[in-house]
């Protein structure tokens, strides 16, 4: 007896194949972004395997959103640090005696 369900890796490949026509209709720069989004969810294969109540594409889209949110949060934190550095620099320039 073999497996009755495809592996998550195979399922991800099938989902990518299903959107191939969409992928090909995109500009090359957008194709690269979509490819990167699919690459980003590879680390979540266990979560996809355990998401039985979701359709595979629903799980994939949620995880893509998760990865994008993490990226935005990292950029926001970096910007906040830079803003704080700039504020300290402006304060130093405005009050050289400090």
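If the condition is being surrounded by 14 or more Cβ atoms within 10 Å (Cβ to Cβ), under 17 Å from residue 34 (Cα atoms) and free of Cβ contacts under 8 Å to residues at least 24 places away in the same chain, then the stretch 45-73 contributes 59, 61, 62, 63, 66. The numbered conditions (1) in a helix (DSSP H, G or I); (2) exposed (fewer than 11 other Cβ atoms within 10 Å of the Cβ); (3) modelled with pLDDT under 95 are all true for residue 76 except (3). Going through (1) assigned to a helix (DSSP H, G or I); (2) under 19 Å from the mean Cα position of the chain (by Cα); (3) modelled with pLDDT under 90 one by one, residue 54 falls short only on (1).
The values are calculated or read from the model by the stated rules, or taken from the named source; none is laboratory data. Just so we're clear, the structure is a prediction, and the values are computed from it rather than from any experiment. Cβ: placed from backbone, ideal geometry, glycine included. Neighbour counts: every protein chain shown.
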